[in-house]
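Contents: one structure, followed by commentary.
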Amino acid sequence: MRDSFELRDGDGAGRIGELSVPRAGVTVETPALLPVINPHIRTIEPAVLEAEFGADVLITNGYIFFKSEQFRERALDEGLHDLLEFSGAIMTDSGSFQLSEYGEISVTNEEILRFQHDIGSDIGTPIDIPTPPDVGREQAESDLETTQARLEAAQSVDVGEMLVNAPVQGSTYPDLRETAGAHAAGTDLDVFPVGAVVPLMNSYRYAEMVEVVLAAKRGLGVDAPVHLFGAGHPMMFALAVAAGCDLFDSAAYALYARDDRYLTVSGTEHLEDLDYLPCACPVCAEHTPESLRATDADRREELLARHNLHVSYRELRTVKQAIRKGNLLELVERRARGHPAMVDGYRALLDGVDELEAHDPVSKGTFFHLSAESAQRPEVRRHHDRLSRLTVEGDRVLLSEGDDNSRFDVTWRLQAPFGPYPPALSDSYPLTAEIPNRLDPAAYEAAAEGVRRLAAANPDTEFWVGHWGWPETALAALPESVGTVQLGDDSTIPAWMDGEAE
Ligand code: GUN
Ligand code: ZN
């Protein structure tokens, strides 16, 4: 167990945690957003971030200070906290991004780590190699070797109480990401950014982003605090948190503001396309799209950046509240409707999230069935796993969407998408679910899978399903050995059951 990170609450693979940052003397609650501050631009002053937005952590680039004639000496003399006028925790990056953009940088790994320490960074970063998506396997492997050597070297640099990031690379190769995660977790470094995902996010490849995160987390284990490097769009916070990310850094709030882009939780709007401002933050309460367009460029950039940050912090609070209430996946599902690529991201999450539930409470708020994807949720799969271990008392058993029937030894309830369950479980999570009357076929198919698992675990029992008109695809998924009757349709009811079915 790492002593700098403690988990407080969880929902699926999402969690609320506390990251102790000893050099700053603060504890940061996660999930946390680190606004990116460029010392040359300072779109929003760090003091304003702290006072107006409650920011307790930010990120800036140590390499920019290293190279800056204007700021290098000041940073060394005054320290970042005084220079930026920020009393919370400050994370610094190392120049890896510049390395990936320009091909080279003029500093060594040890040098930039020591420099980050000397300017008062609270969380520093070695020079990892951000390998882009889709490169050849050989490049991904050899870049990763370099990154791993840098992490190992970082362990022996004396940086006092400064925490050190251990970035996880490996391009779009899940097995390399997993190996990289395991290696990083094996060092004595402290925080674990998943790197080089910006190109995936910029091209809306959310499914691969999720796969990369889940793979890294398989290697890292649940105890590690995970940062999604370069992720700052609020539309994907819920998804990324549900995949197990704890920290985000946002340059997006400022970059997007610069060219009049307005962030929302379901995507990005262009100021010129807006007739109304669909937000209640202080900026949007005091302005209209017209008045913003009429504002001079510098002021408009600041106002849009403020709005973008308000939306981002608000979304993070929404995510945390969802974790507390146990309905994070419902939130992910709502956010997934903002863009088709987010639907893919959500489906990738459902495909891979099972193994990651560290602190998923057994009992939480009511399960809301909201879409065809809901049938793939971990709660449904877990119920199916349970069914495959349950022994049924009785030789002839009815699994019924309707009433009991005394011609059977036992009647169990039958509820899509879960499938069968004993009446005694009616009041327990997730079977207290709120489910729409007009269900999608996927929900019935999932219920049929539940029947199949129960029948397989009890090969000597005769099962009958009593349903209110399941779709053909669900009936076809039932084992041959299972009898079916359609409730309310006497022609489907065998004579021996007569008069009693329903
Ligand atoms: N910022 C965005 N992506 C990365 C990355 O992969 N490594 C580092 N050091 N910084 C980043
Ligand atoms: Zn707003």
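Contact annotation: residue pairs with Cβ atoms under 6 Å, 6 or more positions apart or on different chains, pairing a residue in the range 91-102 that is within 8 Å of ligand 1 (Cβ to nearest atom) with a partner that is among the polar types (S, T, N, Q) and in a strand (DSSP E or B), are Asp93/Asn61. Residues that are open to solvent by less than 20 Å² (accessible area, probe 1.4 Å), touching a residue at least 24 places away in the same chain (Cβ under 8 Å) and either of a type in the set (Phe, Trp, Tyr) or closer than 25 Å to Thr391 by Cα (or both): does the range 483-494 have at least one? No, there is no match, as no residue in the range 483-494 is open to solvent by less than 20 Å² (accessible area, probe 1.4 Å), touching a residue at least 24 places away in the same chain (Cβ under 8 Å) and either of a type in the set (Phe, Trp, Tyr) or closer than 25 Å to Thr391 by Cα (or both). Number of residues in the range 292-313 that are part of a helix (DSSP H, G or I) and out of contact with any helix residue (DSSP H, G or I) (no Cβ under 8 Å at 6 or more places or on another chain): the value is 3. Tell me, please, whether a residue that is modelled with pLDDT under 95, part of a helix (DSSP H, G or I) and among the aliphatic types (A, V, I, L, M) can be found in the range 417-424. Yes, the range 417-424 contains at least one residue that is modelled with pLDDT under 95, part of a helix (DSSP H, G or I) and among the aliphatic types (A, V, I, L, M).
If I go through the range 153-181 residue by residue, how many of them are within 22 Å of the chain's Cα centre (by Cα) and open to solvent by less than 50 Å² (accessible area, probe 1.4 Å)?
Going through the range 153-181, the residues within 22 Å of the chain's Cα centre (by Cα) turn out to be 165-181.
If we keep only those that are open to solvent by less than 50 Å² (accessible area, probe 1.4 Å) too, we end up with 165-172, 176-177, 180-181.
The number of residues fulfilling the criteria is 12.
Among the residues of the range 405-416, those that are open to solvent by 40 Å² or more (accessible area, probe 1.4 Å), in a loop (DSSP other than H, G, I, E, B) and not basic (Lys, Arg) comprise Ser406, Asp409. Quick one: would you say Leu277 is within 15 Å of ligand 2 (Cβ to nearest atom), of a type outside the set (Ser, Thr, Tyr) and in contact with a strand residue (DSSP E or B) (Cβ under 7 Å, 6 or more places away or on another chain)? The answer is no for Leu277.
With respect to Asp9, determine if the residue is in contact with a His (Cβ under 8 Å, 6 or more places away or on another chain) and acidic (Asp, Glu). Yes, satisfied. Quick one: what pairs do we get from the range 18-47, first residue free of Cβ contacts under 8 Å to residues at least 60 places away in the same chain and part of a strand (DSSP E or B), second among the basic types (Lys, Arg) and open to solvent by 10 Å² or more (accessible area, probe 1.4 Å), C-beta under 7 Å, 6+ apart or different chains? Going by the 7 Å Cβ cut-off, the qualifying pairs are Glu18/Arg8.
In a residue-by-residue description of the range 266-289, the property of being in a loop (DSSP other than H, G, I, E, B), in contact with a helix residue (DSSP H, G or I) (Cβ under 9 Å, 6 or more places away or on another chain) and in contact (Cβ under 8 Å) with a residue 40 or more places away in the chain applies to at least one position.
Yes/no per residue for (1) buried (at least 16 other Cβ atoms within 10 Å of the Cβ); (2) within 30 Å of Gly488 (Cα to Cα):
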{"site": "Leu329", "(1), (2)": "yes, no"}
{"site": "Val332", "(1), (2)": "yes, no"}
{"site": "Arg335", "(1), (2)": "yes, no"}
{"site": "Gly352", "(1), (2)": "yes, no"}
{"site": "Ala375", "(1), (2)": "yes, yes"}
{"site": "Asp385", "(1), (2)": "no, no"}
{"site": "Ala424", "(1), (2)": "no, yes"}
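Of Ala447, Ala456, Ala476, Ala443, all but one fail to be open to solvent by 20 Å² or more (accessible area, probe 1.4 Å), in contact with a Pro (Cβ under 8 Å, 6 or more places away or on another chain) and of a type in the set (A, V, I, L, M, F, W, C); the exception is Ala456.
If you go through the range 394-426 and keep only what is among the hydrophobic types (A, V, I, L, M, F, W, C) and more than 35 Å from the chain's Cα centre (by Cα), you end up with Val397, Leu398, Leu399, Phe408, Val410, Trp412.
If only one of Pro234, Pro225 is within 16 Å of ligand 2 (Cβ to nearest atom) and touching a residue at least 12 places away in the same chain (Cβ under 8 Å), which one is it? Before the answer, list the steps.
Numbers: Pro225 fails: within 16 Å of ligand 2 (Cβ to nearest atom).
One residue alone meets the criteria, Pro234.
Might you check whether a residue that is more than 26 Å from Arg8 (Cα to Cα), surrounded by 17 or more Cβ atoms within 10 Å (Cβ to Cβ), small (Gly, Ala, Ser) and within 14 Å of ligand 2 (Cβ to nearest atom) occurs anywhere in the range 290-297? No, the conditions are met nowhere in the range 290-297.
Checking each residue in the range 1-17 for being assigned to a strand (DSSP E or B) and open to solvent by 50 Å² or more (accessible area, probe 1.4 Å) picks out Glu6, Arg8. Counted as qualifying within the range 198-256 are the helices (runs of 4 or more DSSP H) with 3 or more residues that are within 11 Å of ligand 1 (Cβ to nearest atom), namely 198-202. From the list Asp344, Asp351, Asp360, the lone residue that is part of a helix (DSSP H, G or I), under 30 Å from Glu445 (Cα atoms) and either within 16 Å of ligand 1 (Cβ to nearest atom) or at pLDDT below 95 (or both) is Asp351.
Is it fair to say Arg317 is closer than 27 Å to His369 by Cα and open to solvent by 40 Å² or more (accessible area, probe 1.4 Å)? Yes.
The values are calculated or read from the model by the stated rules, or taken from the named source; none is laboratory data. Since we're looking at a predicted model, the values are computed, not measured. No Cβ is skipped: glycine too gets one built from the backbone with ideal geometry, and neighbour counts run over all protein chains shown. Accessible surface is based on the protein model in full, side chains and every heavy atom, while ligands, DNA and RNA are left aside. Shrake-Rupley method; radii C 1.70, N 1.55, O 1.52, S 1.80 Å.
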